[in-house]
Amino acid sequence: MKKSNVAPLALMASLALLFALAFVATGCSSRSALAEAPVEAPAAAAVEVAEVQTGAMSEILEYTGSLQPQRSVTIVPRAGGPVLSVPVKVGDEIKAGDTIIVIDSTPYKLQLQQAQVNLDLSRLRMAKMKQGTRPEQLAAARAAAAIAHAALKDAKNPNEDTRTVAAANLAQAEAGVRLAQYQYDKISWADQAGMTKEALQLQQATTAYEQAKAAYDMQMNPSDSKLAAIEGQVVQADLNLALAEHPVEQVDFDMAGLTIKQAETAVAQAQLQVDYATVTAPFDGVVAELYVHPGNMVGPTVPVALVISPEMEVALNVEERHIAEIAPGQNAALKTNAYPDRSFPALVTSVSPAADARTHTFIVKVTPADGDGLLRSGMYANTSILTQDHPQAVLVPRAAVTEVGGQSTVYVVTPLGPRPQGGGGVASGVKGGRAEPRTVTTGLSDAERIEITSGLAAGETVVVAGQANLGGGAPVTVVGE
């Protein structure tokens, strides 16, 4: 007998239908329950906050250096010789012009005396030139010139009297020769006749005749050489007269004046050497070192003392990145190991216009105020330079500023709870609120605070801890104070 499968199939269909209805009913019931349940708010992030405040904020650059005198001069004398005395000692305060050492000036004083004598002689020569020729000298020169001219005239044109005198002198000389010859002839036969007085008289008479003959010839017919000699005498006499009448010209006075100036210069130089023998202080200061004692030989290459100014300064090596922030007149402060509990106020006095070629740093000099004279050259000094000072800066803790998208950002909290009376920061009464990110511009800062130059106002509240869990408008719960 063959069995049918209709009944089992129908049963299975009925069961499937029941399961489907049950699933639909269950699904609808679940959706209804979800729709009716309340939606929970996201959890508030726990943060710490602080109130934005105003206060002073400064930028200070710290450097170290050694104190040194503002002025320091090694004294080298400009004169040489043995040291006679040293009237100062190391540590003495001196004024400009005070004597430091005295050198023997005896040779320099002698040179000064000689130079003064030369000057006096030059001045006397000038005075004599201004006096001119003495009257008797002028008269003598005029007489000599007149005689010379008369002699030349007579030589060229002898008068009758001159001719007569010349002829008479010649005739007399001839007669003398004849007489002497006659006397000599009488003894000429004797031995050694040439040694007799008659021979001598004949010789003298002959010489006189020749002179008379020459004078006669000169008077009657003077030679060109004789005239030239007389003319030379005339020229010399005229020159002497001209010099007597005008003994000096302006150029002579000019030359004499230059000679006087030269002598005056020599006197001044000699006086300087005498003055240089006393070595003096070039400025007000302190004797830091003495290198000589009485009896030592010194000269223009031998240092004798070191003088420093009482005012100190410190030279600082400032990097290139900071040099634009420093200018003369800025306030500074110095501290030294010798006085660790005292800060010396100071000022920036100079900034080098060029950097050191080796270190690429700039020399900045700072001068302290030291009315008590406590600071000494060589002391190690810690120097603080105030480059910026903002007395009413808007300030927040450094932890309040974060970087969001490459920009400085703070989270500003709008409190939901009551704020304490009078402001004064975030109190425990502020329990929660919302934190909104705000982009700000920062300025100066120190180890704890940072200046906000734009984006915040004093009295606002900012998050200082817990920013990592915040987003825009995130709810926060304030914890701590």
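The values are calculated or read from the model by the stated rules, or taken from the named source; none is laboratory data. Computed from a predicted structure; not experimentally measured. Here Cβ is always computed from backbone atoms with ideal geometry, including for glycine, and neighbour counts include all displayed protein chains.
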key: Tally of residues being charged (D, E, K, R) and touching a Leu at 6+ places or on another chain (Cβ under 9 Å) across the range 101-132   = 1
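Name every residue in the range 276-305 that is of a type outside the set (Gly, Ala, Ser) and over 25 Å from the mean Cα position of the chain (by Cα), in order of residue number.
Initial filter on the range 276-305 (of a type outside the set (Gly, Ala, Ser)): 276, 278-280, 282-284, 286-287, 289-294, 296-298, 300-304.
Correct list: Thr278, Leu290, Tyr291, Val292, His293, Pro294, Asn296, Met297, Val298.
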ask   = In the set Leu258, Leu306, Leu290, Leu316, which member is exposed (fewer than 13 other Cβ atoms within 10 Å of the Cβ) and at pLDDT 90 or above?
value = Leu258
inquiry  = Just to be sure I understand the filter: pairs with C-beta atoms under 6 Å, separated by 6 or more residues or on different chains, first member in the range 256-274 and in a helix (DSSP H, G or I), second member among the hydroxyl-bearing types (Ser, Thr, Tyr). Which pairs pass?
reply    = Thr259/Ser122; Ile260/Ser122; Ala263/Ser122; Gln273/Tyr108; Val274/Ser105; Val274/Tyr108
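For (1) modelled with pLDDT of 85 or more; (2) in the same structural domain as Ala315 (by TED's automatic domain parsing); (3) hydrophobic (A, V, I, L, M, F, W, C), each residue gets a yes or a no:
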| residue | (1), (2), (3) |
| --- | --- |
| Met379 | yes, yes, yes |
| Val396 | yes, no, yes |
| Pro415 | no, no, no |
| Val440 | yes, no, yes |
task = Among what's in the range 240-255 and is of a type in the set (Asp, Glu) and assigned to a helix (DSSP H, G or I), pick the residue that is nearest to the chain's Cα centre (by Cα).
result = Asp254
query = Inside the range 438-481, can you point out the residues that are out of contact with any Asp or Glu (no Cβ under 7 Å at 6 or more places or on another chain), surrounded by 12 or more Cβ atoms within 10 Å (Cβ to Cβ), assigned to a loop (DSSP other than H, G, I, E, B) and not acidic (Asp, Glu)?
reply = Val440, Gly455, Leu456, Ala458, Leu470
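Table: residues versus (1) in contact with a helix residue (DSSP H, G or I) (Cβ under 8 Å, 6 or more places away or on another chain); (2) under 30 Å from Val287 (Cβ atoms); (3) of a type outside the set (A, V, I, L, M); (4) touching a residue at least 12 places away in the same chain (Cβ under 8 Å).
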site: Ile323; (1), (2), (3), (4): no, no, no, yes
site: Ala332; (1), (2), (3), (4): no, yes, no, yes
site: Asp341; (1), (2), (3), (4): no, no, yes, no
site: Ala346; (1), (2), (3), (4): no, yes, no, yes
site: Lys365; (1), (2), (3), (4): no, yes, yes, yes
site: Pro368; (1), (2), (3), (4): no, yes, yes, yes
site: Gly373; (1), (2), (3), (4): no, yes, yes, yes
request  = Among the residues of the range 168-219, count how many are without any contact (Cβ under 8 Å) to a residue 12 or more places away in the chain and basic (Lys, Arg).
outcome  = 2
task = Determine whether Ser122 is under 30 Å from Val73 (Cβ atoms) and in contact with a helix residue (DSSP H, G or I) (Cβ under 6 Å, 6 or more places away or on another chain).
result = no
request  = Have a look at Gly81, Gly97 and point out the one that is loosely packed, with under 15 Cβ neighbours inside 10 Å and under 34 Å from the mean Cα position of the chain (by Cα).
outcome  = Gly97
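Checking the structure you have, find out if any residue of the range 139-159 is outside the structural domain of Tyr216 (by TED's automatic domain parsing) and either among the aromatic types (Phe, Trp, Tyr) or over 21 Å from Ala288 (Cβ atoms) (or both). Can you show your working first?
We begin by selecting, within the range 139-159, every residue outside the structural domain of Tyr216 (by TED's automatic domain parsing); these are none.
Scanning the range 139-159, I find no residue that is outside the structural domain of Tyr216 (by TED's automatic domain parsing) and either among the aromatic types (Phe, Trp, Tyr) or over 21 Å from Ala288 (Cβ atoms) (or both), so the answer is no.
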ask   = Of all the residues that make up the range 281-304, how many are in contact with an Asp or Glu (Cβ under 6 Å, 6 or more places away or on another chain) and in a strand (DSSP E or B)?
value = 2
message = Of all residues being over 22 Å from Gly371 (Cα atoms) and either part of a loop (DSSP other than H, G, I, E, B) or aromatic (Phe, Trp, Tyr) (or both) in the range 306-332, which is nearest to the chain's Cα centre (by Cα)? Just the residue, please.
response = Ala327
ask   = When you scan the range 389-416, how many residues do you find that are in contact (Cβ under 8 Å) with a residue 60 or more places away in the chain and surrounded by fewer than 14 Cβ atoms within 10 Å (Cβ to Cβ)?
value = 2
inquiry  = For the range 395-412: of the residues being among the polar types (S, T, N, Q) and out of contact with any helix residue (DSSP H, G or I) (no Cβ under 8 Å at 6 or more places or on another chain), which is nearest to Val462 (Cα to Cα)?
reply    = Thr409
query = Does the range 238-254 include one or more residues that are touching a residue at least 24 places away in the same chain (Cβ under 8 Å), crowded, with 16+ Cβ neighbours inside 10 Å and of a type in the set (D, E, K, R)?
reply = no
